[in-house]
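Notes follow once the structure below has been shown.
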Amino acid sequence: MIKFIIKRLILCIIVIFLVSLFAFSIMQILPGCPARLSLGTEAPQEAVDALRIQLNLDKPIATQYLLWIGNALQGDLGYSITYNRPIVLMLKERLPRTLGIGLPALLISVVVGIAFGILSAVKRGTKTDQFVTLFSTIGVGTPEFWLGIFGIYLFAIKLKILPIQGYVSPSVDFGQYIYRAVLPVLSLSITLVASIARQTRSNMLEVINQEYIRTARAYGIAERSVLLKYALKNALIPVITIIGLQVRRIIGGTIIIENVFNISGIGSMLRIAVMNRDYLIIQGTVLIISLVVVGCNFVVDILYGVFDPRIRERQGTE
Amino acid sequence: MELTKTKEQLFLKRVRILFGRGIIVKICLVIILLFIFAAIFAPFFTTYTPTEQFLMNILAGPSKDHLLGTDQLGRDVLTRLLYGARISLFISLLASIGAATIGSILGILAGYIGGVIEQVIMRLTDAHLSIPPLVMSMVLAVLMGGDMLAISVVIAISVISTYIRVSDSLVLSIKENDYIIAVEQIGQKKWKILFKHLLPNCFPPLIVIFTMNLGVAIMIEASLSYLGLGIAPPTPSWGNMVADGYKYLIVNPLVALLPGFCIILIVVSFNIVGDGLRDALDPRLRGKL
């Protein structure tokens, strides 16, 4: 098991190194001199040159990369050109808002998605199954931004029971947080519920058709116990991987939803940075986002190894 | 002769399975064809151009002159939807073809050659996969600019890792088969094995993924345009139409909501046809793709 974990860890470090190279190269490919972009076209050349030196832009590329990644490892991602503030500070400020939307959405989609998937597999061919299948087919194909806007139209404009946009931190006023987070969280969850339900259903169906389930039934074990004790356990293993994959989607979705509902989280910061070519924010955010994704995948891989010894064996002996 | 006949029969059987699979696949296929038809012949369906403004008649509801109403600049919504279909379908097709071709070649090579080359390609793919497609395309969109070709390239790069991953693992499992080992034993050239045996066997799953990815590409394009990083106004794209219409949700909700219906309709259709194709080409893939 330890060998397996170490192997995974090395792979993660390689991936993060590659991503950091990509993030760093954004600035190199980005058109225009970053110092000039930051100061504007009116600024005197001396000031631009001074900033170039301050940002280490006069040094060779390899040195620039080492300085950037060295600082990043010490928790310093540099200053934002547009906001003129430390990027780490901005990320810290905005992260709770992003998590305030993303985490509940992930939780809801995992619980509801798995429940829907099991229900529709167990009741295969019934009305319930048809409903879940219809819901997940349409849900997977619906863009989050449109769901958000449709939700606003229905609940805020027509029914007037929810606010149009905005966000209040749960630590400030929990009631207001729920009131304002309902729509963003739901718009984000529906697509995820749909895809988790779809996957769980097909895994569960595959397991139900396995021989050991038939054997369990043949032994006369109650159907309920066959499903919950034998089928579900095995069907859930691949679902762990799916949840790992959803992290990518949920990050993409959160960026969109933050922009729809005017929530100043990391997603809306990234959009503004991209529009202003604020390259240090783009670099830093890409690095942080991929760290989160890699971290989640690492945990998922380990869990997978814990629950399914076959994976562990295969990976360990490779 | 005998062989071609069985091949033909097999093909016909697959077509029958695809179309015999209930009414829903057929309806979705028709929906896709209708959208393609509407996109190609957009100018014939409307007397307006997508940027023509009728300032006396802004944010109007459906009427005889404007079947689906007008937007905040008095532009005909139906016309913009039709021209938007052009953008969405063209970009998604171009991006998917690009990603599928290059991605599958890279994946198949990685899987077949193995060793250092596979390690390099697959670790790069892992790194690529750790950046969400939307984030990747947002960043690349700044680098490339906002015309149709650039956006297609951006989306192609953002989704390419799926094809690399899948074709790599396909080749890894196919090359363990006895018939591949047999042709290797009789001294068949490597490139011949690659093109004659590995590639054709990778096709069915890749076609299924391609079909489903058309929908994914449409979603990414719409999201990018919604965020103001994709197709730049006044060129209509379903995404930027939603973004524009959002501000006028109270006056005329159709402007923001209709493009979304189009996106859902076409993406769901692609997914269902993809499912149908999967069952027709290789039922064993069920639950895996």
Problem - For the range A:55-94, diffusion coefficient by Stokes-Einstein and Kirkwood Rh (Cα), 25 °C, 0.890 mPa s, µm²/s - result: 225 µm²/s
Problem - Dipole-positive endmost among A:Val239, A:Ile178, A:Thr133 within the range A:96-275 (Cβ charges, Cα centre) - result: A:Thr133
Completion exercise
Plugging the Cβ-Cβ distance of B:Ile113 and A:Gln28 into 1/(1 + (r/R0)^6) at R0 = 25 Å yields, to the nearest 0.05, a FRET efficiency of 0.25
Exercise for the section: Between the alpha-carbon centers of the range A:120-144 and the range A:1-74, tell me the distance in whole angstrom. Expected result: 45 Å
Practice task
Determine the shape class of the range B:76-288: with a ≥ b ≥ c the square roots of the Cα gyration tensor eigenvalues, call it rounded for a/c under 1.5, and otherwise prolate if a/b is greater than b/c, oblate otherwise.
Solution key: prolate
Problem - Rounded D (µm²/s) - the range A:86-143, Kirkwood Rh over Cα pairs, Stokes-Einstein at 4 °C, 1.567 mPa s - result: 95 µm²/s
Fill in the blank from the handout: For B:Lys247, the aspartates and glutamates lying under 12 Å Cα to Cα, once residues fewer than eight places off in the same chain are dropped, come out as B:Asp71
Practice task
Could you grab the relative contact order for chain B? Cα pairs under 8 Å, six or more apart, rounded to a whole percent.
Solution key: 24 percent
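Which links in A:Lys127/B:Lys26; B:Lys13/B:Lys196; A:Lys92/A:Lys158; A:Lys123/B:Lys26; A:Lys3/B:Lys189 stretch past 28 Å when you go from one Cα to the other? The partial results should precede the final answer.
Working: A:Lys127/B:Lys26 22 Å; B:Lys13/B:Lys196 23 Å; A:Lys92/A:Lys158 36 Å; A:Lys123/B:Lys26 26 Å; A:Lys3/B:Lys189 39 Å.
Violating the 28 Å Cα-Cα cut-off are A:Lys92/A:Lys158; A:Lys3/B:Lys189.
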Exercise for the section: Multiply the residue gap between A:Ser264 and A:Ile6 by 0.36 nm, knock off their C-alpha separation, and tell me the result in nm, one decimal place. Expected result: 89.1 nm
Exercise for the section: Using the Kyte-Doolittle scale, find the helices of chain B whose mean hydropathy is at least -1.0 and whose Cα atoms extend 18 Å or more along the helix's long axis, counting only whole DSSP H runs. Expected result: B:2-20, B:22-40, B:77-113, B:115-129, B:148-174, B:199-226, B:254-281
Practice task
Please report A:Tyr179, B:Tyr226 as a ranked list, fewest other C-beta atoms within 10 angstrom at the top and most at the bottom.
Solution key: A:Tyr179, B:Tyr226
Problem - Simple label model, 7 Å out from Cα along Cβ direction - B:Leu12 to A:Thr63, nm - result: 7.4 nm
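Just how large is the dipole of the range B:200-289 about the Cα centre, in debye to the nearest 20, putting +1 at every Lys and Arg Cβ and -1 at every Asp and Glu Cβ? Before the final figure, lay out the partial values.
Working: 5 positive and 5 negative charges, 38 e Å.
Charge dipole of the range B:200-289: 180 debye, to the nearest 20.
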Completion exercise
Between A:Arg214 and A:Asn56, the FRET efficiency computed from the C-beta separation at R0 = 60 Å comes out, to the nearest 0.05, as 0.35
Problem - Where labels lie 7 Å past Cα in the beta-carbon direction, separation of A:Leu107 and A:Tyr83 in nm - result: 2.6 nm
Problem - Which of A:Ala218, A:Ile289, A:Ile53, positive extreme of dipole for chain A (C-beta unit charges) - result: A:Ala218
Exercise for the section: Only helices at least 27 Å long along their axis, Cα-based, and averaging -0.5 or more on Kyte-Doolittle count here, so list those DSSP H runs from chain A. Expected result: A:2-29, A:87-122, A:174-208, A:232-260, A:279-307
Exercise for the section: Please identify every one of the chymotrypsin sites (Phe, Trp or Tyr not before Pro) in the range A:182-273 that sits in a loop by DSSP and has no more than 16 other beta carbons within 10 Å of its own beta carbon. Expected result: A:Tyr219
Fill in the blank from the handout: Hydrodynamic calc, chain A: Kirkwood Rh from Cα pairs, then Stokes-Einstein at 20 °C with viscosity 1.002 mPa s, so D in µm² s⁻¹ is 95 µm²/s
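Kindly provide the helix-only [θ] at 222 nm of chain A, computed as the sum of -39,500 (n - 2.57) over DSSP H runs of four or more divided by all residues, to the nearest 500 deg cm²/dmol?
Calculated from helices alone, the mean residue ellipticity at 222 nm is -25000 deg cm²/dmol.
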Exercise for the section: Set Lys and Arg Cβ to +1 and Asp and Glu Cβ to -1, take the dipole of chain A about its Cα centre, and tell me which of A:Ile16, A:Ser120, A:Ser187 lies farthest positive. Expected result: A:Ser120
Practice task
Starting from one equal scatterer on each C-alpha and no solvent at all, send me the Debye-based log10 I(q)/I(0) for the range A:96-275 at q = 0.10, 0.14, 0.17 Å⁻¹, two decimals.
Solution key: -0.47, -0.79, -1.01
Handout entry: Helix-only mean residue ellipticity at 222 nm for chain B, each DSSP H run of n ≥ 4 adding -39500 (n - 2.57), per residue, nearest 500
Key = -24500 deg cm²/dmol
Problem - Förster radius 56 Å - calculated FRET efficiency between A:Ala222 and B:Ile105, Cβ distance, rounded to 0.05 - result: 0.60
Fill in the blank from the handout: Filtered hits (lysines, Cα-Cα < 19 Å from B:Lys192, offset >= 8 within chain) -> B:Lys175
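Bear in mind these aren't lab numbers, they're just calculated from the coordinates by the rules spelled out. Because the structure is predicted, anything quoted here is derived from the model rather than measured. Methodologically, a virtual Cβ is constructed for each residue, glycine included, from the backbone with ideal geometry; neighbour enumeration extends over all protein chains shown.
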